[in-house]
Structures are given as structure tokens and as C-alpha cells.
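Undergrad: Quick one: this structure, given as C-alpha cells, is what I'll be asking you about.
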Amino acid sequence: MFTSSRMSSFHHHMKTHTNEKTHLCHLCLKTFRTVTLLRNHVNTHTGTRPYKCSDCSMAFVTSGELVRHRRYKHTHEKPFKCSMCKYASVEASKLKRHVRSHTGERPFQCCECSYASRDTYKLKRHMRTHSGEKPYECHVCHARFSQSGTMKTHTQQKHSEDLPKHQCPHCATIITRKSDLRVHIRNLHTYSAAELKCRYCSAVFHERYALIQHQKTHKNEKRFKCEHCSYACKQARYMTSHIRIHTGEKPFTCLSCNKCFRQKQLLKVHFRKYHDASFIPAVYKCTKCDKGFSRWVLY
DNA sequence: AAGTGGGTCGCCCTCTGCTGGTTCAGA
DNA sequence: ATCTGAACCAGCAGAGGGCGACCCACTT
């Protein structure tokens, strides 16, 4: 309800209800209620910005814009304070938008899917996922992206020489993206309540990285030891064939002369030597004593 | 009537962080 | 040859900063 002690103010107020816009912009034919509004509008055409900032080179059409600019850039005065957290903003609309992050309100519904956003920009940006629009192009390889940030990261990682690196605080690993470092820490350096057992011995760990480091110590170890002699080897398959020395087992039989062998390889060598007519043993000569060998392995 | 200050709506931008598919080296 | 898993990568959403344009009430 508008009240005023002055008749002029009352008349002025009443004009706001008439929608009477008599001031015409001769450049775009738009009409305005007051001369001031028209003048401000014409200034947007001409580029006239009478309100200049004393602390930087910015200039504005209206005094209100200047005040707001000064709050953002120079005074940092933030009159709109959130009652639920420490957030404060220069503009009421920003506070309104921020409050939605507390209430969960999402007034902007996508017409193509169930997504709803808290502000118009996010909905507009989301709509690109339906339209396939990719307005941002890499100036080097011309790859296209739907968001500027994605393009920026791409350019930095693919085409920049001094790209930032992220050192893991727990190990020597260096990872190019901060978010990937977080994944690395989560997967390898986070305490696990469940025991992580070494696949080669009885050791147990509660952190994956420690387990992996420990398992590496087994790498050159001859873990497979013969129960009957001092023989040891790195792989189980070698032990299987070694054990046949003690058991006398010879599972590979030559079909030409019925001779039996412990290893498939031994049978192969036998067959080529005694039954394969096309086989010509290669002669490998020692570079130092000129002695000849029929097999490279003996050399 | 003109000027001023506060307010609203809308647009665009950046920074940030998570997610899931792909690649590649080592087992 | 195959499997596994860590790092790489693009996609996409959340949050907030900054400005343009305009409107309105009040004061001068």
C-alpha cells in the first residue's frame, strides 16, 4: 500500500500503475516511462558511461552499477548474509541462489529428463547434453567441448609444456590431475579395516600401497623350493617339471621310438635330432675359443 | 522533472570435484 | 594371451563472482 504526504509523489506513484511509456528511443523504438530511464538506455547504445570507478578503469551507465562494482572489486562489502552459514553476498539474488543449496530447492526443470537445477545457467548448460552442442574448440587440435572448463583442462594437459603436477603426500607418485590424486589416495592410502593379505607370504596389511610395496620384495625371490633337494625357482611351472626328477615320472612319449621324457621340450629336441630329416643342427661358435655348439643355450 | 540508491532478472564466466570409460604396463 | 588395476581423460554438475539492463521509490 503506497502512502505519501506529498501530492507530487502520489501522482508519480500512480503513473507506475498506468504502464504509460511515452519516452521513445529513436535508435531501437523501445519506450520508457521516464527521461532518466530513456537516457540510461540510450547510453547503452552510445557507450556513454558517466559513472567512473576511482580505483580502476571501469565505468558504468548508472550509479547503482558503479556501487555494485565497487563492492565486488574494492570494498568487498557484502550486505546480504546467509542465516544458515557464513556466506554473504553483494547482491540479494546471489543470496537467494545460495540459500537453495541449503533448502535443496531446484526450480528449473529440464523438459527432456528428470534433471532439475538450482539456477537457470546450470539448466542451460545441462541442455547441451541433450542437444550435443559443443561451443568450445581447442585452438591447437580443434577438439570440441561442451564446457569451457573441460576445454581448458584438455589444453593444459595435452598442449601445455609446464603443466602442473600433483605429488602424492604419502608416496613418490606424481599425478597430473588433482581429482585423480584424490582417487589415488582413496584407493591406495586409505586405511582398510579388512586385512589385505600378501599373495606370496603370510604378511597382512591395512593399506593397499603398503601391500603392493611388500609384494614387490618377492619379485626376484625364488619362492618355489623343492622339498627333496636344494633346487628353487621363481615359477610354479618350473617346479612341476623339476619334481619329476624325484618321482621318475616321464609323461612325454616319442611316437616314433616310444622313448619317454620329463619335459615336452626334451621330447621336441629328441624328435628333431633323431626323426626329423629336415633338421640341420645350427652351429654356434664361441667368439673366444672357436669351439662349436649345436644349441644356442649351451653356448 | 531529474537525480539517486536500492533492487531484480538474466547472462556468462571460472573454479572445483566426482564419475565412468579407456589405456597401458605389469603380473 | 589374458587379466588386473592404476593413471589418464572427457563429461558433467555444484557453487559462486561479476556485470548488463532495467525498474521503482524516494529525494532534491
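The values are calculated or read from the model by the stated rules, or taken from the named source; none is laboratory data. All values reported here derive from a predicted model rather than from experimental measurement. So basically every Cβ, Gly included, is an ideal-geometry build from the backbone, and we count neighbours across all protein chains shown. Remember, those area values only see protein heavy atoms, side chains included, never the ligands or the DNA or RNA. Shrake-Rupley method; radii C 1.70, N 1.55, O 1.52, S 1.80 Å.
Undergrad: So which residues in the stretch A:184-196 are surrounded by 12 or more Cβ atoms within 10 Å (Cβ to Cβ) and within 9 Å of DNA strand C (Cβ to nearest atom)?
TA: A:His184, A:Ile185, A:Leu188
Undergrad: Next question, about the same structure. Give the stretch A:171-208 a look and list any residue that's in contact (Cβ under 8 Å) with a residue 24 or more places away in the chain, in contact with a helix residue (DSSP H, G or I) (Cβ under 7 Å, 6 or more places away or on another chain) and outside any helix (DSSP H, G or I), or say none.
TA: Answer for the stretch A:171-208, where residues must be in contact (Cβ under 8 Å) with a residue 24 or more places away in the chain, in contact with a helix residue (DSSP H, G or I) (Cβ under 7 Å, 6 or more places away or on another chain) and outside any helix (DSSP H, G or I): just A:Cys171.
Undergrad: Moving on. Sort out for me the helices (runs of 4 or more DSSP H) sitting completely within the stretch A:56-149 that have 1 or more residues that are in the same structural domain as A:His45 (by the TED database) and open to solvent by less than 50 Å² (accessible area, probe 1.4 Å). Step through it out loud before you land on a result.
TA: Values: elements: A:63-70, A:92-103, A:120-131.
Hits in the stretch A:56-149: A:63-70.
Undergrad: Now for a different question. Modelled with pLDDT under 75, over 30 Å from A:Glu137 (Cα atoms) and surrounded by 11 or more Cβ atoms within 10 Å (Cβ to Cβ): which single residue out of A:Arg223, A:Arg208, A:Arg199, A:Arg237 fits that description? It would help to see each step written out before you state the result.
TA: Values: A:Arg208 fails: modelled with pLDDT under 75; A:Arg199 fails: surrounded by 11 or more Cβ atoms within 10 Å (Cβ to Cβ); A:Arg237 fails: surrounded by 11 or more Cβ atoms within 10 Å (Cβ to Cβ).
The match here is A:Arg223.
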